[in-house]
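The values are calculated or read from the model by the stated rules, or taken from the named source; none is laboratory data. The model shown is predicted, which means the values in this text are computed figures rather than measured ones. Don't worry about glycine lacking a Cβ; one is built from the backbone with ideal geometry, like all the others, and counts go over all protein chains shown. Accessible surface is based on the protein model in full, side chains and every heavy atom, while ligands, DNA and RNA are left aside. Shrake-Rupley method; radii C 1.70, N 1.55, O 1.52, S 1.80 Å.
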Amino acid sequence: MTVVAQPEIIETPPVAAKPAVAKVALVGNPNSGKTSLFNQLTGLNQKVGNFPGVTVDKKTGTCQISAHQKVQIIDLPGTYSLYPKSLDERVIIDLLYDPASQHYPDLVIVTADASNLKRNLLLFTQLADLKIPAILALNMVDVAEKEGVKIDIPALHKGLGVPVIPMNARKGIGVAALKILMSQQLEATPVQFYSIPQEVKPVTESIKARFGLANDYLALHYAHQYKSLKFLTAEEAGWIEALVQTHEFKSNAAQADETIARYTYINELLLDVVRVERVEKDEKFSNRLDQVLTHKVFGYLIFLAILFLVFQAIFTWASYPMDLIDQGFASLNGVIQDNFSGPLVNLITEGIIAGLGGVLVFVPQIAILFAFIAILEETGYMARVTFMMDKIMRKFGLNGKSVVPLISGVACAVPAVMSARTIENWKDRMITIFVTPLMSCSARIPVYTVLIALVVPEKYYFGFLNLQGLVLMALYLIGFLAAIFSALLLKTILKARERSYFIMEFPVYKMPRWKNVGITIVEKSKAFVFEAGKVIVAISVILWVLASYGPGNSFEVAEQKAIVEAKQQSLSQVELQNLINSHQLEASYAGVIGRTIEPAIAPLGYNWKIGIALLTSFAAREVFVGTMSTIYSIGEEENVSTIKSKLMMEKDKDGNPYFTPARSFSLMIFYLFAMQCISTLAIVRRETKSWMWPLAQLLYMSGLAYIMAFITFQILS
Amino acid sequence: MQKRVEEHKDRKSVRDLKIGEYGVICCLKDPEMGLKLLEMGCIPGTQVKLNSRAPLGDPITIIVNDYTLSLRLDEAETIMLK
């Protein structure tokens with residue numbers, strides 16, 4: 001570094017001056033400890049956004065590197081090279097290939113796993129050749145040392161021409177040194193790791209001249225990736241295409257040659273830098289663990305046991321905080337209703353607060369599920385599950401990695417859809433997201449149990465097999481089969497954007513990093529509350545308005561009618577209020593809509609009352625029970641036996657019980673297939689970044705629900 | 001590098017290895033898949049060992065450059081051995 005003599009400056013906080021380093025990109029191989037480093041640098045100062053037009057999130061965070069200096073850290077998806085193979089990795093293109101872009105980093109930090117330096121340096125040398133100032137964060141040095149890998153850091157520093165910081169991102173060792181370096185004005189490495197071959201030079205020289213680029217290697221990337229570079233105009237891309245064709249530039253062959261040349265260079269370089277004194281142990285610990293965890297029999301048994309634990313946790317542990325949240329919102333509503341009155345209060349309590357409660361009540365389940373998923377991922381076990389399941393799932397157009405979302409879907413489709421992010425292949429991921437809501441989630445349980453109790457006798461076989469339980473299990477099974485076969489159907493319709501492959505590093509088993517688990521939980525819960533929450537609250541408000549107001553003076557008419565009826569039947573004050581509610585619901589816009597759609601749902605065996613329940617429970621299935629209880633004037637209590645007896649008393653025109661097995665099963669089947677969940681639609685919209693997918697899902701599932709319910713009703717009646 | 005090896009049909013690929021058996025990579029048959037494999041360190045001249053198979057026989061794991069890589073049999077078939 002050059003020291004320039006300058007007048008003494010009194011230290012003042014740099015206000016207007018642009019800091020030397022403002023944007024830092026974090027790049028590295030998967031499993032190189034990149035996420036740990038990102039979390040160490042930014043803590044909870046993280047933001048998930050997305051680059052326009054890219055379906056994958058961009059994570060950014062701020063890092064205080066000194067008293068006066070903050071930098072923005074951009075976390076890029078883990079990648080093995082600068083030639084992206086998946087949609088996920090394509091984010092890199094937007095960031096690194098357009099020096100004019102506002103996102104272009106001033107500095108890149110490349111994380112590298114010290115125990116696997118050779119492969120990790122491939123990406124580093126590519127970045128270094130782009131001539132962006134870089135720092136190599138040599139991670140897991142202690143682990144490598146334990147394995148007998150000794151790295152001569154000064155020699156590595158000399159060979160690479162950039163600062164090398166040995167660190168342990170899990171424990172935070174080396175982070176302080178990294179921050180100090182980040183605050184300095186660093187130069188790009190003088191070392192050239194790969195020289196463009198003579199025969200390609202004409203291509204890169206032309207590109208350099210046309211786009212005013214200073215860097216040969218960047219120009220080479222333009223030649224390789226002009227189709228994916230969004231900042232190029234169609235005319236510019238066409239110009240490169242023509243150029244590449246006239247010079248007979250073969251992208252695949254050139255990439256292969258480059259990769260081999262780089263590996264050769266790295267091999268030479270590491271010859272003097274890395275000494276491996278590895279005692280060839282018979283088997284590493286991870287390998288021995290794998291013999292049990294991916295065993296033909298035990299492998300699947302252990303996996304099932306873990307799943308069982310996860311579901312127990314989601315159902316039992318989550319129920320306590322969920323009840324608390326439920327009660328909290330109920331008492332909040334109670335307090336408001338006791339002290340205030342009027343339509344505005346009703347809107348706030350029955351619309352907004354009820355809607356918010358409906359959002360927040362899912363948070364415990366989401367937090368627990370993501371805690372488990374984060375732990376399974378952190379330890380490296382998830383890679384083994386996908387490995388064991390890949391062959392089975394492939395037959396249905398899914399992927400080993402689809403297992404996690406499908407199984408999570410039994411609890412709640414919302415976190416399940418979010419967990420599909422681990423699937424890199426676009427087609428596999430879309431199919432997984434599409435079919436996951438068919439798995440019977442916990443919100444279907446109240447609907448199932450009320451209707452089963454109504455028409456299935458409580459009979460026992462062999463003393464322990466409960467008939468009602470068997471029916472419930474059959475419903476779950478139908479849901480699973482529907483998901484699997486829908487996947488099979490979609491497999492034939494959908495065109496793959498990328499070739500499906502399963503080339504994946506098998507991470508070494510590790511203890512989970514609890515800080516990472518914690519940050520994952522907070523981030524996912526926040527994303528759910530804010531993104532899906534907006535839509536849920538909006539729909540709750542709309543539904544509230546529809547059910548609370550009727551055309552003209554219909555509400556007063558309904559009330560008068562109820563009072564007259566109540567006098568005839570000499571009902572109590574509470575029963576009168578319930579009867580008024582029931583009549584007003586019938587007269588409300590929701591009731592009018594229920595009447596209007598009655599002809600459409602009549603073939604399934606439903607009347608307008610069920611129609612209203614179908615409509616209101618569009619926001620969430622469990623609303624069905626509440627709506628039915630309002631319609632059948634039994635107030636807000638969700639007492640199953642009361643609802644059951646009321647439903648049993650409901651008679652059709654001829655005086656026979658209205659809820660026949662045909663009607664009840666038709667309803668169960670309808671709720672099994674139908675996409676009655678705004679939260680899921682909202683999250684699918686968020687995850688696919690398009691309205692096309694949630695709409696297709698809504699149409700497909702509702703269509704399937706209608707047809708299946710129709711068949712059920714017609715066969716059974 | 002992209003030499004197609006159709007003329008060496010009898011040549012062994014990683015798919016043909018037995019568990020615990022070693023081989024040395026000679027070339028990659030599928031240019032597109034080959035790029036991904038090259039980046040993962042499956043460079044001609046590198047030693048590979050078939051480490052394990054998934055319970056249903058596919059995918060498999062191999063050891064290359066001291067780390068474990070899992071891949072499907074279809075992909076393993078494209079890695080030809082000397």
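Numbers at a glance
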read-out	value
Hydrodynamic radius (Kirkwood) for the range A:574-717, which is based on Cα pairs only, to one decimal in Å	16.1
Percent antiparallel among DSSP beta bridges (both partners in the range A:22-158, rounded to 5)	45
Dipole magnitude (debye, nearest 20) for chain B, charges at Cβ of Lys, Arg, Asp, Glu	200
Subset of A:Lys459/A:Lys646; A:Lys85/B:Lys82; A:Lys296/A:Lys401 violating a 25 Å alpha-carbon distance limit	A:Lys85/B:Lys82
Total charge dipole magnitude, chain A, about the Cα centre, Cβ charges on Lys, Arg, Asp, Glu only, Debye to nearest 20	960
Under-5 Å amide H pairs with B:Ser13, H placed in peptide plane, nonlocal only	B:Leu81
The range A:487-581 - percent of accessible surface contributed by carbon and sulfur, probe 1.4 Å	64
Residue-span extension gain [A:Glu458 to A:Ser572] - 0.36 nm each, minus C-alpha spacing	37.7 nm
Largest-first principal axis extents of the Cα set of the range A:24-154 (Å)	45, 38, 25
Chain A: relative contact order as a whole-number percent, Cα under 8 Å and 6+ apart	10
All aspartates and glutamates inside 18 Å of A:Lys201 as judged from Cα atoms, apart from same-chain residues fewer than 8 positions distant	A:Asp129, A:Asp216, A:Glu241, A:Glu248, A:Asp257, A:Glu258
DSSP-assigned coil residues among GluC sites (Glu not before Pro) in the range A:178-211, each with at most 12 further Cβ atoms within 10 Å	A:Glu187
Environment charge at A:Tyr104 (Cβ cut-off 13 Å; Lys +1, Arg +1, Asp -1, Glu -1)	-1
Theoretical FRET efficiency, 1/(1+(r/R0)^6), r = Cβ-Cβ of A:Leu467 and A:Gln327, R0 35 Å, to 0.05	0.55
Label point distance in nm, A:Gln192-B:Glu77, each placed 7 Å from Cα along Cα→Cβ	4.3
J(HN,Hα) series, the range A:235-248, from Karplus relation 6.51 cos²θ - 1.76 cosθ + 1.60, nearest Hz, glycine and proline x	5, 5, 5, x, 5, 5, 4, 5, 4, 5, 6, 5, 8, 6
Partner chain coverage, peptide B:40-52 - average Cβ within 10 angstrom	4
Peptide-level mean, for A:216-229, of C-beta atoms on other protein chains within 10 Å	0
Computed magnitude of the charge dipole of the range A:313-465 (debye, nearest 20; Cβ of K, R +1, Cβ of D, E -1)	820
Helical contribution to [θ] at 222 nm, DSSP H n ≥ 4, -39,500 (n - 2.57), averaged over chain A, rounded to 500	-18000 deg cm²/dmol
A:Ser251 paired with A:Glu235, simple spin-label distance in nm, labels 7 Å along Cα-to-beta-carbon	2.3
Difference of contour (0.36 nm per residue) and Cα-Cα distance, A:Thr264 to A:Leu309	11.4 nm
For the range A:338-423, alpha-carbon Rg relative to the globular expectation (2.2 N^0.38 Å, N residues)	1.60
Leading residue at positive end of dipole, chain B (Cβ point charges), from B:Leu38, B:Ile19, B:Leu56	B:Ile19
Antiparallel bridges, percent of DSSP beta bridges restricted to chain A (to nearest 5)	50
P(r), alpha carbons of the range A:395-490 - 10 Å bins starting at zero, rounded %	17, 40, 24, 15, 3
Principal axis dimensions, largest first and in whole angstrom, of chain B by Cα	33, 25, 20
Proximal lysines to A:Lys561, defined as alpha-carbon separation beneath 19 angstrom and excluding residues fewer than eight positions away on the same chain	A:Lys609
Cβ-derived FRET efficiency at R0 45 Å, A:Phe530 paired with A:Lys561, nearest 0.05	0.55
The protein assembly as shown - Kirkwood radius from inverse mean 1/r over Cα pairs (Å)	30.0
Shielding by other protein chains, A:255-262, mean Cβ within 10 Å	5
Residue-normalised accessible area of the range A:360-509, given per residue in Å² at a 1.4 Å probe	35
Between the range A:640-704 and the range A:490-530, the alpha-carbon center distance in angstrom	31
Interface burial for A against B (accessible surface, 1.4 Å probe, total of both chains, Å², rounded to 100)	3400
Length-normalised contact order for the range A:386-501 - Cα pairs under 8 Å, 6+ apart - percent	27
Complex-versus-alone comparison for the range A:482-517, residues with a loss of 40 Å² or more in accessible area, probe 1.4 Å	A:Arg499, A:Tyr501, A:Phe502, A:Ile503, A:Phe506
Partner lysines for A:Lys47 [C-alpha distance under 22 Å; skip if fewer than 8 residues away on the same chain]	A:Lys23, A:Lys34, A:Lys58, A:Lys59, A:Lys70, A:Lys179, A:Lys515, A:Lys524, A:Lys526, A:Lys534, A:Lys689
Positive-end extreme of charge dipole, the range A:266-402 - chosen from A:Leu293, A:Leu332, A:Ala374 (charges on Cβ)	A:Leu293
Whole-number Å³ per residue for the convex hull built on Cα positions in the range A:446-601	336
Dipole of the range A:298-449 [Lys/Arg +1, Asp/Glu -1 at C-beta], most positive-end residue of A:Ile306, A:Ile352, A:Val414	A:Ile306
